[in-house]
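Data block below; observations after.
The values are calculated or read from the model by the stated rules, or taken from the named source; none is laboratory data. All figures in this text were calculated on a predicted structure; none of them were measured in a lab. Here Cβ is always computed from backbone atoms with ideal geometry, including for glycine, and neighbour counts include all displayed protein chains.
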Amino acid sequence: MAMATQRLSLPRTATRKLLRAVLEFDLIRPGDKVLVGLSGGKDSALMLYALAVLQRQRLIPFSLGALHIDLGFATPSDPAPLAEYCNRLEVAFHLMKTEIARYAFGPENPEGPCATCSFLRRGAMNRFAGEHGYNAVALAHHHDDAVETFLMSIIYSGQIKTFLPRTDLERSGIAVIRPLVYFREAEIRKLVGMTGFTPIPSPCPQDGRTKRAETKDLIRKLSRTDKRIFNNLAAAMREGRPGELWPAELSQEEKQRRILLGRQSSLTPLDNTRKE
């Protein structure tokens, strides 16, 4: 006897946020094969559940799979709870074992573990997606992540930018999508309980000690005295907002050109002839 399909549901407010992101940013198109990056944390667990709910609503026909990347820490991750979770959601589960941790934390790595780990994980996931027929990779970044990335870019790299809800990779033809961009982190903490999955703690020794954690704490502290801080940052990262920035810095060549023009101007004789 075939096992009955488990009933999945989300609160109406959560469904609206998910659909808003999917439709506003054209995240999922009919016929897409979407591969979810399933780390085992609360964010990716909720995203997989939410996409499974959306899939069963049949508003957009698409297929769904999940990939867990074992980074190769000293204590290997246990894929059994993740496989069981995917089986319950009727989602194909994939496991990839890597040695990313060894490279990220190696003494020969000048970039630091976080940047290297993120780069290698994205590359591994995109390659897996291409090799297995998936044309979209879903990452579980939420609204807080977007605002924190925006502020981090300004503070640490002098650039005004954040990640996009959808990025189309030209070489591979894969779209990187972020369906949770309208979900706040506190909301995810509450919603993940209804999935029936217990989030798995991160095995990374840098967890909670990153620049992102520092930025999150900074926003939290500023928000204690002004509740508008987060919403103002979120508004500022939107195109079309009023902006008033300094002009671009002049190149060395442009500086020299202006100096030369200034000298030439000072040498030009003035016409002091009086007209009768």
Conditions (1) farther than 30 Å from Pro11 by Cα; (2) surrounded by 18 or more Cβ atoms within 10 Å (Cβ to Cβ); number of the one not met by Ser39: (1)
Subset of region 55-82 [outside any loop (DSSP other than H, G, I, E, B) and over 24 Å from the mean Cα position of the chain (by Cα)]: Arg56, Gln57, Ala80, Pro81
Which numbered condition Thr13 misses (of (1) in a loop (DSSP other than H, G, I, E, B); (2) more than 21 Å from the chain's Cα centre (by Cα)): (1)
Scan of region 66-79 for residues that are modelled with pLDDT under 95 and not β-branched (Val, Ile, Thr), ordered by number: Asp70, Leu71, Gly72, Phe73, Ala74, Pro76, Ser77, Asp78, Pro79
Filter result (surrounded by 15 or more Cβ atoms within 10 Å (Cβ to Cβ) and touching a residue at least 60 places away in the same chain (Cβ under 8 Å)) within region 122-133: Met125, Phe128, Ala129
Residues within region 126-171 that are in contact with a Ser or Thr (Cβ under 6 Å, 6 or more places away or on another chain) and of a type in the set (A, V, I, L, M), tallied: 4
Residue count, region 57-72 (criterion: crowded, with 16+ Cβ neighbours inside 10 Å and either hydrophobic (A, V, I, L, M, F, W, C) or under 20 Å from Leu191 (Cα atoms) (or both)): 7
Search result, residues across region 166-209 that are surrounded by fewer than 20 Cβ atoms within 10 Å (Cβ to Cβ), touching a residue at least 40 places away in the same chain (Cβ under 8 Å) and closer than 20 Å to Glu239 by Cα: Arg166
Hits in region 138-164 - residues which are surrounded by fewer than 20 Cβ atoms within 10 Å (Cβ to Cβ) and closer than 16 Å to Asp26 by Cα: Phe163, Leu164
